[in-house]
Amino acid sequence: MAILDDRTLDFVSTSTAQTERLGIRLGELLAPGDIVCLSGELGAGKTTLARGIGRGWGTPLRVTSPTFVLVNEYPRPRDGATLYHLDCYRLERAGDIATVGLEDLFDSDATVMIEWPEHVLALLPADRLWIALSYDSPTRRRLRLNAGGPRATQLLAGFRKNTFGV
């Protein structure tokens, strides 16, 4: 693990199970209004991390990639909150983006997780946690977390303490 500064954290996951556990740790900390962006090439582990985030956040449903439906909703039974999971891979035109209703989600207190956020970068709030995943080998993934604002910085600090004790 490398802490580059209070807004950036790098580490390597050595298994799918570890990537999911890291997601669980992050999901436990999410609050209404949080935005988590998952960036990386196909096979980098975005959906595995998202599955863990959903579990940690508290949905009893299995998180799957919303590639063809664009948005999945995951309810949390204990308080009725919803985690929205978007896959922006297929969004190419402004009209495509408008149909998803991103701006409505960002204007609400929704907790939002976005795969392929670079496709909607211009619409994203500045205060977001950006996680870039890269494929090293069939079992190793590199993750770089960047906090883009005060809440995301707080979220990253909580994740670092919750996961690594620092």
The simple spin-label model distance between R62 and L42, using points 7 Å out along Cα→Cβ, in nm, is 2.2 nm
Nearest-ten-degree value, helix 46-57 long axis tilted from longest Cα axis of the chain: 90 degrees
Between 0 and 90°, nearest 10: helix 150-164 axis offset from the chain longest Cα axis: 40 degrees
Expected output is a single nm value to one decimal: the length gained when fully extending between S15 and D107, i.e. 0.36 nm times separation in residues minus the C-alpha distance. What is it? 29.5 nm
With +1 on each Lys and Arg Cβ and -1 on each Asp and Glu Cβ, and nothing else charged, work out how big the dipole of the chain is about its Cα centre, in Debye to the nearest 20. 720 debye
Determine the gain in length on full extension of the stretch R142-E118; use 0.36 nm per residue of separation and subtract their C-alpha separation, reporting nm with one decimal. 6.8 nm
Sum of side-chain charges, S39 neighbourhood, beta-carbon under 10 Å (Lys, Arg +1; Asp, Glu -1): -1
Could you point to the residue in T19, L61, G43 farthest towards the positive end of the stretch 1-63's charge dipole, with +1 and -1 charges on the Cβ of Lys/Arg and Asp/Glu respectively? L61
Checking rank on 159-165, 70-76, with mean other Cβ inside 10 Å and highest first, the result is 70-76, 159-165
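Here, each number is a calculation from the coordinates, and none is a lab measurement. Here the structure is a predicted model, which means the values were calculated and not measured. Note that we place each Cβ from the backbone using ideal geometry, even for glycine, and neighbour counts take in every protein chain shown.
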